[in-house]
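**Q** I have a structure I would like to understand better, so I am pasting it below and will then ask my questions one at a time.
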């Protein structure tokens, strides 16, 4: 069950971009990185467009927590692994939201090559 409010989900979903920052060991936030975000049902997902070695993704995986802001919403989050059966829906959400940017750029966040770089954003309550 999601702890996002409907308003938060709607506002983040309507935003073109999301800013994400992972936490350092001392609890401070690293600088924000701007990425795309999609909503599937009551969950929010982000993917590393340039593979598992992308620095923001490596830091997010290592820390497990951070903060996001988009659409006027700012929340502490944990970075969770998505359910394996949701990836087709995530791909469809990326296509629906971002295909206007062109196939080449959308291709960096859809397909089997990005399954391992998918993060579900869970709000920390």
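Readers should treat all values here as calculations from the given coordinates under stated rules, not as data from a laboratory. Not measured: the values here are computed from a predicted model. All Cβ positions, glycine included, derive from the backbone under ideal geometry; neighbour counts span all protein chains shown.
**Q** If you stretched the chain out fully between residue 24 and residue 95, how much longer would it get, using 0.36 nm times the residue separation minus the C-alpha to C-alpha distance?
**A** That pair, residue 24 and residue 95, stretches by 22.3 nm at full extension.
**Q** Cα gyration tensor of the range 51-116, axes a ≥ b ≥ c as square roots of the eigenvalues: rounded (a/c below 1.5), prolate (a/b > b/c) or oblate? All intermediate terms of the calculation are to be shown ahead of the outcome.
**A** Numbers: a/c = 1.67, a/b = 1.35, b/c = 1.23.
The shape class here is prolate.
**Q** Right, something else. Just to be sure I understand: with springs between alpha-carbon atoms less than 10 Å apart, which residue in 75, 67, 25 has the highest mean-square fluctuation in the Gaussian network model of the chain?
**A** 25
**Q** Please rank 28, 78, 63, fewest neighbouring Cβ atoms within 10 Å first, as an exposure proxy.
**A** Values: 28 8, 78 15, 63 18.
By the 10 Å Cβ count, ascending: 28, 78, 63.
**Q** To make sure I understand, if each residue's beta carbon is the centre and we count other beta carbons within 10 Å, what order do 79, 57 fall in, fewest to most?
**A** Lowest to highest Cβ neighbour count: 79, 57.
**Q** Still on this structure: Compute the distance from the alpha-carbon center of the range 87-116 to that of the range 7-31, in whole Å.
**A** Taking the Cα centre of the range 7-31 as reference, the centre of the range 87-116 is 20 Å away.
**Q** Mean separation of Cα pairs under 8 Å and 6+ residues apart, divided by the residue count of the range 29-123: what relative contact order is that in percent?
**A** Values: 116 pairs, mean separation 37.2, N = 95.
The normalised contact order for the range 29-123 reaches 39 percent.
**Q** Another one. What share of Cα pairs, in percent, lie more than 19 angstrom apart in the range 6-123?
**A** Values: 2845 of 6903 pairs.
Counting every Cα pair in the range 6-123, those more than 19 Å apart make up 41 percent.
**Q** Give me the percent relative contact order of the range 55-103, please, defined on Cα pairs under 8 angstrom at least 6 residues apart. If you can, show how the numbers build up before the last one.
**A** Details: 23 pairs, mean separation 11.0, N = 49.
Once divided by the residue count of the range 55-103, the mean separation gives 23 percent.
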